[in-house]
Amino acid sequence: MASEALSSRSQVALLSMVTMKPRNKPRQRTLKAGRIIFNNKSSILTCTVRSLSDSGACVQLAASVGVPNSSDLTLEVDGHCRPCNVVWQYNNRVGVAFR
């Protein structure tokens, strides 16, 4: 069955798209360079921040394989770093909630 092939994060993303619950904080669409930093700051994935709010972000990566559940998101434009957790993942996009 097709749903068995989906990861649990992908299933959550699909469920979120179906229910379309409004966000607590609206995200501002953006196009900023960023970095996902993890593994005691020894591993970095470059990304593009597609939307941003006070509570989270949507980032786009070359491939979402290997994105840890917990990391830091840094915006290259200002160097601002926020700890975050992955809340959904669909194709090469990942939604994170700031801690």
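What is the order of Asp54, Asp78, Asp72, fewest Cβ neighbours within 10 Å to most?
The fewest-first ordering by Cβ neighbours comes to Asp78, Asp54, Asp72.
What net charge do the residues around Cys47 carry, taking every other residue with its C-beta under 11 Å from that of Cys47, with Lys and Arg at +1 and Asp and Glu at -1?
Around Cys47, the charge tally is +3.
Treat the count of other C-beta atoms within 10 Å as a stand-in for reagent exposure and order Val49, Val65, Val96 from fewest to most.
Ranking Val49, Val65, Val96 by Cβ neighbours within 10 Å, fewest first, gives Val65, Val49, Val96.
Quick one: if the Förster radius is 25 Å, what FRET efficiency do Thr30 and Arg99 give, using the C-beta to C-beta distance and rounding to 0.05?
So, using R0 = 25 Å, E works out to roughly 0.80.
Just subtract the alpha-carbon distance of Val77 and Gln60 from 0.36 nm times their residue separation and send over the number in nm, one decimal.
That pair, Val77 and Gln60, stretches by 4.5 nm at full extension.
Fewest Cβ neighbours within 10 Å first, please rank Cys84, Cys47 accordingly.
In order of increasing Cβ crowding within 10 Å: Cys84, Cys47.
Computed from the coordinates by the stated procedures, all read-outs in this text should not be read as laboratory data. Computed from a predicted structure; not experimentally measured. Reconstructed Cβ throughout: ideal geometry from the backbone, glycine too, with neighbour counts over all protein chains shown.
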